[in-house]
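Here's the structure, in structure tokens; my notes come after.
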Amino acid sequence: MANPLRTFASLYSTTLLTVLAGGLLTTYLGLRLSVMHVPQLWIGGMMSAYYVGLVAGSKIGHRLIAQVGHIRAFVASAGIVAASALGHALVDELAVWILLRLIVGMGMMCQYMVLESWLNEQAESNQRGTVFASYMIVSYFGLILGQGAISLYPELGLEPLLLIAICFALCIVPISLTRRIHPAPLVPAPLKIAHYWRKAPQALTTIAIGSMIVGSFYGLAPAYASNLGLPPEKVATYMTATILAGLLAQWPMGKLSDIMSRSRLIRINCVLLGILALAIALTPYHPTLSLVMTFLFGILGFTFYPLATALANSRVEQSERVGLSATILLTFGLGASIGPLIASTLMQWLGNSMLYGFMSACTLILFLRLRYVHSQQKAETNVTQDYIMATGDLVSSPLAAALDPRVDVESVQEQMTPTPSDDEEDLGADALEDDDTDNEQQLTFEFDVNPEPTFVDAESHDQEESHLDAVKTA
């Protein structure tokens, strides 16, 4: 059995450089705006634009990959993101920076979709769990390295932007030189938002409010720490401690979620995180104590998403999990874009500590909502082996569900593989009748890149293939 780390070394290397550059850009902008004494509302708006771009990029990425292929789509996206990052050095207008941040979000989501669809198609069934976990671990280390890199340039000059552009340029190299076969283009996953909210209200509520907490942290924590008087290297340590805690918490939290009810575990997590966030807001800054508290914050705050995702997946059938992943992405993206706006407004009106005050309020609202929904539902039935490691940030796409070892590979292919339409089938049959010698060349398929969800029925697909075989035989 081949080692996935060697098999997908080029894709993992590309992932590491991509996430490193993205994490460094986020922290740099937060610190840079804080040093420039920009109002907190502008900082929140800029970070919200990134998550809006991620959501929009999930639709644009499907169309781009279907039209030009995986490597071309990745190279184009990386070039646009690198140029957008350097654009911050050329223009000081905040409105332009927000637009650049939006473009970065769209481009990076397209990059994630290329990587995840590639891993999904070429991972062996018995290695999918290892491939997925390795991808998430590489993403975590990329985030950690991105935070640490800011400490190399405490003056916050142009050097970090140059390093970001270099990483986005270099991330093209491994994936461009790979000898692996390109995966087939994919079509959008079915998106039935109301259906999934009815089936998993507790999980999606947790993702919606939990993403407000995570989005606020990533977007505003660097500015929060800077406003406390910390130099950039200390801010990098503060951020790294939190993200590292999220990485270390994944495995034990996953084991715990297999033992007890996940809905109860999320409520316990809510209470503990609410108390901790309130304590951070009220406690004066102390170097050691603050690091300990933010480490604990990473354990609790960065496990909301995987816990809620596991709970949601236990409520749906295997054939629905790819569509569920798209709904989760949309819910997370919207929550992560709203959270920084609200938190930054409160910080501007009521002070720096309101970042964690807002997070504490979010946990209270979430706890009350979960209690209400739980009282209207039957007791949850424990389902083991549903917890899948995930990063605290949105380093994922709707295609991440296809890497999930719980999802049946055939059901993924049915939902995410383009099939010929009836009109195209008739045209192909006519071409076959006109020229039997060129039948293979004349029968062409066009991929459906319509933004509306596409459903593929396995039975009808088999009937179409049988019909085409009969035509060829005739």
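The values are calculated or read from the model by the stated rules, or taken from the named source; none is laboratory data. Treat the numbers as computed from the prediction; the structure is a model and nothing was measured. Methodologically, a virtual Cβ is constructed for each residue, glycine included, from the backbone with ideal geometry; neighbour enumeration extends over all protein chains shown. Ligands, DNA and RNA are stripped out before the accessible areas are found, and what is left, the full protein with its side chains, is counted by its heavy atoms. Shrake-Rupley method; radii C 1.70, N 1.55, O 1.52, S 1.80 Å.
Data table
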item: Residue under evaluation G44, criteria (1) closer than 24 Å to F74 by Cα; (2) open to solvent by less than 10 Å² (accessible area, probe 1.4 Å); (3) not aliphatic (A, V, I, L, M), criterion not met; result: (1)
item: Residue match in segment 255-263 (condition: buried (at least 17 other Cβ atoms within 10 Å of the Cβ), out of contact with any Cys (no Cβ under 9 Å at 6 or more places or on another chain) and at pLDDT 90 or above); result: no
item: I207 being within 30 Å of H374 (Cα to Cα) and either open to solvent by 10 Å² or more (accessible area, probe 1.4 Å) or in a helix (DSSP H, G or I) (or both); result: yes
item: Check on P232, in contact with a Phe, Trp or Tyr (Cβ under 8 Å, 6 or more places away or on another chain) and on the phi < 0 side of the Ramachandran plot; result: yes
item: Residues satisfying the stated conditions in segment 59-107, i.e. of a type in the set (V, I, T), modelled with pLDDT of 90 or more and within 26 Å of A326 (Cα to Cα); result: V75, I80, V81, I98, I103, V104
item: Only one of L355, L330 that is touching a Leu at 6+ places or on another chain (Cβ under 8 Å), under 20 Å from Y50 (Cα atoms), modelled with pLDDT under 90 and not in a loop (DSSP other than H, G, I, E, B); result: L330
item: Selected residue [of a type in the set (A, V, I, L, M, F, W, C) and open to solvent by 60 Å² or more (accessible area, probe 1.4 Å)] from L230, L276, L282; result: L282
item: Filter result for T26 (over 19 Å from A343 (Cβ atoms) and in a helix (DSSP H, G or I)); result: no
item: Residue among L24, L94, L102, L64 that alone is closer than 24 Å to I144 by Cβ and either over 16 Å from the mean Cα position of the chain (by Cα) or open to solvent by 10 Å² or more (accessible area, probe 1.4 Å) (or both); result: L24
item: Any chance R321 is open to solvent by 60 Å² or more (accessible area, probe 1.4 Å), basic (K, R), on the phi < 0 side of the Ramachandran plot and assigned to a helix (DSSP H, G or I); result: no
item: Exclusive hit being surrounded by fewer than 24 Cβ atoms within 10 Å (Cβ to Cβ), at negative phi, hydrophobic (A, V, I, L, M, F, W, C) and within 22 Å of the chain's Cα centre (by Cα), set A249, A312; result: A249
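To keep it simple, each residue is scored yes or no on (1) surrounded by fewer than 21 Cβ atoms within 10 Å (Cβ to Cβ); (2) modelled with pLDDT of 90 or more; (3) out of contact with any Lys or Arg (no Cβ under 9 Å at 6 or more places or on another chain).
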position	(1), (2), (3)
S337	no, yes, yes
L341	yes, yes, yes
L350	yes, yes, yes
C362	no, yes, yes
L366	no, yes, no
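So that you can scan it fast, the table gives a plain yes or no per residue for (1) in a helix (DSSP H, G or I); (2) modelled with pLDDT under 90; (3) open to solvent by 50 Å² or more (accessible area, probe 1.4 Å):
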site: A149; (1), (2), (3): yes, no, no
site: P154; (1), (2), (3): no, yes, yes
site: I166; (1), (2), (3): yes, no, yes
site: P183; (1), (2), (3): no, yes, no
site: W197; (1), (2), (3): yes, no, yes
